[in-house]
1. Can you pull out the residues in the stretch 217-243 that are over 18 Å from residue 117 (Cα atoms) and without any contact (Cβ under 8 Å) to a residue 40 or more places away in the chain?
2. Can you go through 207, 230 and tell me which one is surrounded by 15 or more Cβ atoms within 10 Å (Cβ to Cβ), in the same structural domain as residue 130 (by TED's automatic domain parsing) and either out of contact with any strand residue (DSSP E or B) (no Cβ under 7 Å at 6 or more places or on another chain) or within 26 Å of residue 243 (Cα to Cα) (or both)?
3. Would you mind stating whether residue 155 is crowded, with 22+ Cβ neighbours inside 10 Å and modelled with pLDDT under 90?
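The values are calculated or read from the model by the stated rules, or taken from the named source; none is laboratory data. Treat the numbers as computed from the prediction; the structure is a model and nothing was measured. Glycine gets a Cβ as well: all are built from the backbone with ideal geometry, and neighbour counts include every protein chain shown.
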């Protein structure tokens with residue numbers, strides 16, 4: 001638009017034109033995030049803490065370091081990362097009966113579902129271990145019968161929906177219970193398993209896919225687990241309906 005054409009526009013139209021231009025400029029995206037010019041992946045960082053710092057300083061996670069979008073970057077990298085590493089299963093198994101340590105928490109990647117109350121996971125340092133969910137018992141697929149105990153396939157399928165996404169194991173949080181310091185008979189490390197605050201054990205019980213199971217002594221979450229079981233039983237969910245409990 002030339003100067004002569006602009007001066008022929010009425011003052012009101014000129015004001016409207018100015019408002020439109022200013023509005024368009026204000027709508028352009030503005031970001032305070034640091035510039036991002038190099039595409040990085042987890043192998044470019046020496047520790048989880050370094051990867052986490054990079055992710056936290058780049059809005060939107062352009063490098064996709066947090067693959068399951070739970071706020072934690074590169075869980076597979078070694079610490080330091082602010083998470084206490086679980087002791088070896090043998091150390092827990094040989095601990096004196098009266099010793100009740102503080103709960104330990106860490107992240108792990110699910111690599112397989114054994115059944116409705118057991119998983120295979122990979123720890124941050126790379127070890128593959130079997131874990132058994134504290135406080136629950138479900139039908140076993142390896143027991144007598146064409147498909148194992150009654151409800152075994154359904155229990156395993158429900159656990160897969162919790163632990164896997166599109167065939168890939170999720171990053172889960174493992175937590176020990178000071179009252180449960182011995183390894184289960186098949187050398188499964190007893191832990192609570194959760195993702196974003198969703199307790200897998202309680203979820204399985206509430207769905208009627210598992211029952212409350214106490215070994216030697218009461219566990220910390222026993223009250224809430226029993227409440228979930230009472231609800232499932234009253235509603236006849238899962239094994240309470242199809243397997244007579």
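1. In the first step, residues of the stretch 217-243 are kept if they are over 18 Å from residue 117 (Cα atoms); the result is 217, 223, 227, 230-231, 233-236, 241-242.
Of everything in the stretch 217-243, those that are over 18 Å from residue 117 (Cα atoms) and without any contact (Cβ under 8 Å) to a residue 40 or more places away in the chain turn out to be 217, 223, 227, 230, 231, 233, 234, 235, 236, 241.
2. Working: 230 fails: surrounded by 15 or more Cβ atoms within 10 Å (Cβ to Cβ).
Within the list 207, 230, the selection yields 207.
3. Numbers: crowded, with 22+ Cβ neighbours inside 10 Å: yes; modelled with pLDDT under 90: no.
For residue 155, the condition - crowded, with 22+ Cβ neighbours inside 10 Å and modelled with pLDDT under 90 - is not met.
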